[in-house]
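J.: Submitted below is the structure of interest, expressed as structure tokens.
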Amino acid sequence: MGVAVPFPNTQPTGYEWFEDEPVFDPERHLQLEEPSEVITLAELGYDRAEIATKATPVAASSPFRMLSDEGAAVLLAVARRLRSFARPAGNRIERMTRAGCYRSRWLRDLCISQEVSNHLERIYGTAVAPHPMPVHLGHINYEPSSIDAAIDKWHHDTLPLDYVMTVTDPARVPGGRFEYFLGTKHEAADLAARDRTPPPERTAVPDFAGPGYAIALHGDMVVHRAAPLARLTERISMVNGYVTLDTSIDEQSRTADLIIVDDHESLWTEWAKMAAWRARGRLSDLIEGLDFTGDRDAVIAELESAVGDVRLAIDEMRAGERMTEHYGG
Ligand SMILES: [Fe+2]
């Protein structure tokens with residue numbers, strides 16, 4: 001079963017379940033189809049050594065259908081209801097709602113759906129689970145208040161894997177397209193250092209056929225954005241996070257960026273559980289795999305690596321707020 005940390009049975013203070021929602025029904029609400037194409041990290045220019053430490057060699061899929069018409073209609077209704085909780089995400093996104101899975105059981109059950117996880121697992125080619133931190137599940141972006149602003153600036157995600165799904169019908173939205181850079185994070189950083197952003201000729205603009213279509217994304221490795229709108233109109237997308245179940249690879253999250261974004265009562269607890277889950281996996285590997293050795297430094301290194309995510313979580317929680325990273329408009 002693809003579960004890293006089970007979704008909590010309790011809610012943080014201030015979160016109430018929506019009443020009168022339909023119950024999520026995979027038979028009625030999902031319509032999972034295969035993407036026609038997958039682009040790899042190697043094709044974006046990453047080298048083999050770097051790819052080997054990441055969740056999957058996959059960079060992104062082409063858009064594929066995930067929700068039925070009925071499912072897409074329910075998601076739109078849920079997203080509109082969650083708009084009243086929208087606020088800025090640091091200096092990157094003007095309006096978004098996070099932690100909606102503590103308010104909408106329908107959204108929660110979509111985001112932790114085993115059917116969807118299994119589908120993504122086939123696309124990514126590795127065992128995945130919904131992200132252990134519920135603040136990363138069912139993240140919803142709304143249009144900004146002015147057409148000059150990108151809906152979300154060029155960035156890579158604060159988590160390893162996700163899908164990006166159209167909630168409103170892209171055919172009715174002028175502009176506001178999801179775009180990704182056909183290059184590496186390192187190239188994007190070099191461009192940003194020269195006050196430049198990814199050029200159009202090196203940008204992919206996937207064509208989403210309707211609401212409820214998604215692309216699977218290696219969010220930590222693919223630099224992407226939602227472009228500005230051509231005319232101000234309702235434009236909603238949803239992002240749901242995943243991790244590989246293999247705790248031996250890189251963690252690929254920037255959780256400290258969330259200190260200025262998420263409610264602290266959910267953040268500290270979820271963060272601690274993620275770090276504990278990662279360390280448990282790595283400590284188990286150490287118990288099973290460590291051979292007799294007189295090499296003290298090698299053993300210390302193994303132990304440090306096993307608890308590295310816990311040490312980092314402690315240090316970053318203590319250090320407190322930092323600004324959200326991005327590569328410009
Ligand atoms: Fe993103």
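The values are calculated or read from the model by the stated rules, or taken from the named source; none is laboratory data. As the structure is a prediction and not an experimental result, all values here were calculated from the model. When we count neighbours, we look across all protein chains shown, and the Cβ atoms used for this are built from the backbone with ideal geometry, even at glycine.
J.: Would you be able to say whether some residue in the stretch 277-296 is among the small types (Gly, Ala, Ser), within 20 Å of the chain's Cα centre (by Cα), part of a helix (DSSP H, G or I) and at pLDDT 95 or above?
T.: Taking every residue of the stretch 277-296 in turn, none turns out to be among the small types (Gly, Ala, Ser), within 20 Å of the chain's Cα centre (by Cα), part of a helix (DSSP H, G or I) and at pLDDT 95 or above.
J.: Run residue 260 past the list (1) touching a residue at least 24 places away in the same chain (Cβ under 8 Å); (2) surrounded by fewer than 13 Cβ atoms within 10 Å (Cβ to Cβ) and report the number of the one that doesn't hold.
T.: Evaluating residue 260 over (1) touching a residue at least 24 places away in the same chain (Cβ under 8 Å); (2) surrounded by fewer than 13 Cβ atoms within 10 Å (Cβ to Cβ) leaves (2) as the failure.
J.: Which pairs turn up if I take residues in the stretch 204-225 that are within 23 Å of residue 76 (Cβ to Cβ) and look for partners that are within 13 Å of the ligand (Cβ to nearest atom) and among the small types (Gly, Ala, Ser) with beta carbon separation below 7 Å, at least 6 apart in sequence or on another chain?
T.: Close Cβ pairs satisfying both conditions: 215/60; 216/60; 217/60; 225/150.
J.: Out of 157, 148, 109, I need the residue that is within 12 Å of the ligand (Cβ to nearest atom) and either in contact (Cβ under 8 Å) with a residue 12 or more places away in the chain or not in a helix (DSSP H, G or I) (or both). Which one?
T.: On inspection, the qualifying residue turns out to be 157.
J.: While we're looking at this one, here's another question. Please specify each residue of the stretch 230-247 satisfying the condition of being more than 16 Å from the ligand (Cβ to nearest atom) and of a type in the set (Gly, Ala, Ser).
T.: 230
J.: Related question: Answer yes or no as to whether residue 250 is within 16 Å of the ligand (Cβ to nearest atom), in a loop (DSSP other than H, G, I, E, B), of a type outside the set (A, V, I, L, M) and surrounded by fewer than 21 Cβ atoms within 10 Å (Cβ to Cβ).
T.: Working: within 16 Å of the ligand (Cβ to nearest atom): no; in a loop (DSSP other than H, G, I, E, B): yes; of a type outside the set (A, V, I, L, M): yes; surrounded by fewer than 21 Cβ atoms within 10 Å (Cβ to Cβ): yes.
No; evaluated as a whole, the condition is false for this residue.
J.: Output yes when any residue across the stretch 300-321 is within 19 Å of residue 7 (Cα to Cα) and loosely packed, with under 13 Cβ neighbours inside 10 Å, and no when none is.
T.: Among the residues of the stretch 300-321, not one is within 19 Å of residue 7 (Cα to Cα) and loosely packed, with under 13 Cβ neighbours inside 10 Å, which makes the answer no.
J.: If I ask for residues that are within 23 Å of residue 148 (Cβ to Cβ), assigned to a helix (DSSP H, G or I) and at pLDDT 95 or above, which ones from the stretch 165-189 would you list? Let's see the steps before the verdict.
T.: Residues of the stretch 165-189 that are within 23 Å of residue 148 (Cβ to Cβ), as a first pass: 166-168, 170, 172-181, 188.
Checking which are assigned to a helix (DSSP H, G or I) leaves us with 170, 172, 188.
170, 188, listed by residue number.
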